[in-house]
Amino acid sequence: MTLIWFLVAALLLSLVLALIVLSPWLLDQRNIARASTPQHDQLLSLNIDVFRARLAELDDDHANGRLDDATYTSQKRLLERQLLDISGEPSTAAAFVPNWKSYAIFLVWLPFLSAAAYLMIGNRSPVYDLWQAQDRYGNIADELLTGRTDTPPAEAARNPQALLSAIQTNVYRHAADPMRWYHLSEVYLAVQAPEQAITALQRAYRLSPDDERIALAYAQTRFFGQGGTLDDEARQVVARILQRDPQHEGAQMLMLMGDMQAGNYDNARRWLTSIRQQIQNRSGDHTQALNSLNQLAQTIDERAAQADTQTTATQTAVTINVQIAPDLVNQIAPNDSLFVLVRPTAGGAPVAVKKLAAAQLAQTQGKANLTVTLSDNDSPMPTAKLSQVLAAGEALTVLARVSHSGNAMPQTGDLASNAIELPPDQAKLNAAVDVLVNHLVP
């Protein structure tokens, strides 16, 4: 039906344009009718009367002696010549006078050429598909967006793309209705389009910022759509909900998850305590909900302990400046490996080791050097971390070696340094250790 109305409107518009094009011809034809022969005859008669009057004046001047014969003759001939020029036939310049065939050509060909140009400029099939979807699923889309129905019929479900097009068109036709944007976001989430769902909910929230359901859905969708991160926009939305209702459990839970993800474990524990108290104050059996909160509290404690461990490991680190003797720089190939390790002075497995590409050595003015940091993340044995050994006060040494084979065990021809003993309070000094690779492994 939409296509038919479009074609009718396009045809009427083409006919109007054709009439506009033909209007100058109609006006010209009227002007030609006005320029008739009687008007030309009246002008000629007037010119003859003027000629006769002037000729009578010449005769009178000649008779009274005011003009001589030569002047009289020349003036008379001039008047006769002008009369002959004026009394000639009217201009017969060629002019195109349209007839009914010319009108018919324009009335037929102009609409046809307009339709051909419209079809040839670009692919119009998406437009026709949209019109068809509107005709078939327009009413269903309106029912879904207004809440009159929750599930589309089987026929519409088999063609989700057409149904989605009808829903989108309906929403943009009622762009000031926040609930239509809200239901559109639900459709986007159903088809796994979280970014579009966030955009739709953002529009709904701007239209109705006081609607708690829209606000919470907007914040939750932003939270989960960004990998569990509560950004500033979502946090402001949740804070506004809590400002109106400080006991809103959904908003409190969202703040809890956001703080836990951001590493604000103390704030997360406070939100969890508030939610637990609200659940306990309600009547009825809420054992399952309380057990879930206990598991969440355990997760918060585990993440906090892990963060503390990582912080301690990061703070307990040894910085080593590796330098290559100038006479050995030319013996280093780009494919060689650089091993930097910390091990007990008494011998045994290293407590921290890092393997790097020898190409990372900065070579300037015949020298090669590199700064390396070793921490618990570089400890090969989980039971013998670098921080633990340093805390125990065990004697440690630092070594550096350039391996041509990339093997962890030293081989003949590798470039090595002497063992440099670490001070017992190296972690507290936070100073770099200089290591010089100055000899070949025999």
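Kindly indicate whether Arg203 is in contact (Cβ under 8 Å) with a residue 12 or more places away in the chain, open to solvent by 30 Å² or more (accessible area, probe 1.4 Å) and closer than 21 Å to Gln252 by Cα.
Working: in contact (Cβ under 8 Å) with a residue 12 or more places away in the chain: yes; open to solvent by 30 Å² or more (accessible area, probe 1.4 Å): yes; closer than 21 Å to Gln252 by Cα: no.
So Arg203 fails the test.
Would you please list the contacts, defined by Cβ atoms under 9 Å and residues six or more apart or on different chains, that run from a residue in segment 273-285 that is of a type in the set (Gly, Ala, Ser) to a residue that is open to solvent by 60 Å² or more (accessible area, probe 1.4 Å)?
Ser274/Pro246; Ser274/Gln247
Across segment 218-239, what is the total count of residues that are open to solvent by 70 Å² or more (accessible area, probe 1.4 Å) and under 21 Å from the mean Cα position of the chain (by Cα)?
3
When you scan segment 366-407, how many residues do you find that are part of a loop (DSSP other than H, G, I, E, B) and closer than 24 Å to Asp327 by Cα?
5
Can you tell me which of (1) within 17 Å of Ala346 (Cβ to Cβ); (2) at pLDDT below 85 is the one Ala395 doesn't meet?
It fails just one condition, (2).
The values are calculated or read from the model by the stated rules, or taken from the named source; none is laboratory data. Values in this document were obtained by computation on a predicted structure and should not be read as measured data. We place every Cβ from the backbone using ideal geometry, glycine too, and count neighbours over all the protein chains shown. Remember, those area values only see protein heavy atoms, side chains included, never the ligands or the DNA or RNA. Shrake-Rupley method; radii C 1.70, N 1.55, O 1.52, S 1.80 Å.
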